[in-house]
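*Asks:* Structure incoming, see below.
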């Protein structure tokens, strides 16, 4: 009887010690994985530090900018700020290089608008620009976003009187941008011109989750909304340890499993069907509310013939399913010529030998944004109504 009484406390002490050891080991593994991942991202694609991309050479603000960008990312959850019907939106932020201001349209990245002081209210033209993270300006300060560069181009003659609002939101597809446009019009505001700049996120929807009109992190958000069993383990899915394991597997995997040709064609066609349906809706709103519409399909590592630098070649290897992304872009190029409903900019980097891309998510640095802004300005000047 006495030995039995002694055995149970000893047993529970061993169990407690084992549980404590497992928890400590898991904590050490998680912390270690976080450190390794931080170093890995900094070396591989620059999104954690940015400075590894040769695109930043010659820009004195680069190091200070990336310190601020890292602080901004660490302060916000991956899903951003909840917005009704849009699911998420940008969070306000104010710093030296990055500013996201509250407005009637939500939180908007600040655009630098160098207008002629002689411009009167009657002469001013308001441009709303919609897009994803590339338009928002991931990887560049306020002065180097596409909207800021476009404002510079359009207002450079001295007679330009354009005010551009950057309504780009990280992770948005045209479906969400269309809703944002509608919600903004409902506030009573009226633009003179609306510009949609898209392509990468709409193409990526054809890869993951493989549903043309699905938003970013579709399965993750769907599981949470439905309260599925899988959603109870979100903490594990978002752990550094599991992310590191996925990164290791991806590095040693010999490319993506090729999809069948019919499947690739079906996904590409569905992505463009969805995109063009959204473009038609935007144009219908333009007729109803009397604003001009310009839609542009952006360049990426999955299209065009840009001479890739060694850094960009490595980024291309990290891109998800280039087979499907290339197919989507090929369909986009054909349909842009056939329908004329949008402008395909997939080849505007073809003659640029210098590095432009900063990560495998197809974000570009200042030089890339400047080239895009010049192309948009040139098209607008030759096609805008008088």
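*Asks:* Among 98, 87, 83, which is closer than 29 Å to residue 184 by Cα, at pLDDT 95 or above and surrounded by 13 or more Cβ atoms within 10 Å (Cβ to Cβ)? Spell out the reasoning first.
*Replies:* Details: 87 fails: at pLDDT 95 or above; 83 fails: at pLDDT 95 or above.
Only one candidate qualifies: 98.
*Asks:* Residues that are surrounded by 14 or more Cβ atoms within 10 Å (Cβ to Cβ) and assigned to a loop (DSSP other than H, G, I, E, B): does segment 328-336 have at least one?
*Replies:* No: segment 328-336 contains no residue that is surrounded by 14 or more Cβ atoms within 10 Å (Cβ to Cβ) and assigned to a loop (DSSP other than H, G, I, E, B).
*Asks:* Moving to a separate point now. Kindly establish whether residue 286 is surrounded by fewer than 17 Cβ atoms within 10 Å (Cβ to Cβ) and either closer than 18 Å to residue 201 by Cα or touching a residue at least 24 places away in the same chain (Cβ under 8 Å) (or both).
*Replies:* The answer is no for residue 286.
*Asks:* Examine segment 371-382 for a residue that is within 28 Å of residue 180 (Cβ to Cβ), in contact (Cβ under 8 Å) with a residue 60 or more places away in the chain, in a strand (DSSP E or B) and more than 18 Å from the chain's Cα centre (by Cα), and state whether such a residue exists.
*Replies:* Scanning segment 371-382, I find no residue that is within 28 Å of residue 180 (Cβ to Cβ), in contact (Cβ under 8 Å) with a residue 60 or more places away in the chain, in a strand (DSSP E or B) and more than 18 Å from the chain's Cα centre (by Cα), so the answer is no.
*Asks:* Please list, ordered by first then second residue, the pairs with beta carbon atoms under 6 Å, 6 or more apart or interchain, first in segment 204-218 and surrounded by fewer than 17 Cβ atoms within 10 Å (Cβ to Cβ), second in a loop (DSSP other than H, G, I, E, B) and at pLDDT below 85.
*Replies:* Filtered contacts from segment 204-218: 218/209.
*Asks:* Enumerate the pairs (first residue in segment 303-323 and closer than 16 Å to residue 371 by Cβ; second residue anywhere and in a helix (DSSP H, G or I) and at pLDDT 90 or above) with beta-carbon separation below 7 Å, excluding pairs fewer than 6 apart on the same chain, so at least 6 apart or on different chains.
*Replies:* Going by the 7 Å Cβ cut-off, the qualifying pairs are 303/326; 303/329; 309/54.
*Asks:* Would you point out the residue of segment 139-155, among those that are in contact with a helix residue (DSSP H, G or I) (Cβ under 8 Å, 6 or more places away or on another chain) and not in a helix (DSSP H, G or I), that is surrounded by the fewest Cβ atoms within 10 Å (Cβ to Cβ)?
*Replies:* 141
*Asks:* Now, a different point. With the structure loaded, tell me whether residue 102 is out of contact with any strand residue (DSSP E or B) (no Cβ under 9 Å at 6 or more places or on another chain) and free of Cβ contacts under 8 Å to residues at least 40 places away in the same chain or whether it fails that test.
*Replies:* Working: out of contact with any strand residue (DSSP E or B) (no Cβ under 9 Å at 6 or more places or on another chain): no; free of Cβ contacts under 8 Å to residues at least 40 places away in the same chain: yes.
Considered against the rule, which asks whether it is out of contact with any strand residue (DSSP E or B) (no Cβ under 9 Å at 6 or more places or on another chain) and free of Cβ contacts under 8 Å to residues at least 40 places away in the same chain, residue 102 comes out as no.
*Asks:* While we're here: Only residues that are modelled with pLDDT of 90 or more, in a helix (DSSP H, G or I) and over 14 Å from residue 363 (Cβ atoms): list them for segment 24-61, please.
*Replies:* The answer is 54, and nothing else.
*Asks:* Restricting attention to segment 236-258, does a residue exist that is modelled with pLDDT of 95 or more, surrounded by 12 or more Cβ atoms within 10 Å (Cβ to Cβ) and not in a helix (DSSP H, G or I)?
*Replies:* Of the residues in segment 236-258, the ones modelled with pLDDT of 95 or more are none.
So far as segment 236-258 goes, no, none of its residues is modelled with pLDDT of 95 or more, surrounded by 12 or more Cβ atoms within 10 Å (Cβ to Cβ) and not in a helix (DSSP H, G or I).
*Asks:* If we scan segment 289-311, do we find a residue that is in a helix (DSSP H, G or I), over 20 Å from the mean Cα position of the chain (by Cα) and at pLDDT 95 or above?
*Replies:* Within segment 289-311 (the criterion being in a helix (DSSP H, G or I), over 20 Å from the mean Cα position of the chain (by Cα) and at pLDDT 95 or above), the answer is yes, since at least one residue qualifies.
*Asks:* Okay, next question. Quick test for you: out of 112, 127, pick the one residue that is in contact (Cβ under 8 Å) with a residue 60 or more places away in the chain, more than 20 Å from the chain's Cα centre (by Cα) and more than 25 Å from residue 204 (Cα to Cα). Talk me through it step by step, then tell me what you get.
*Replies:* Details: 112 fails: in contact (Cβ under 8 Å) with a residue 60 or more places away in the chain.
After ruling out the rest, the residue left standing is 127.
The values are calculated or read from the model by the stated rules, or taken from the named source; none is laboratory data. All figures in this text were calculated on a predicted structure; none of them were measured in a lab. Cβ atoms come from the backbone with ideal geometry, glycine included; neighbour counts cover every protein chain shown.
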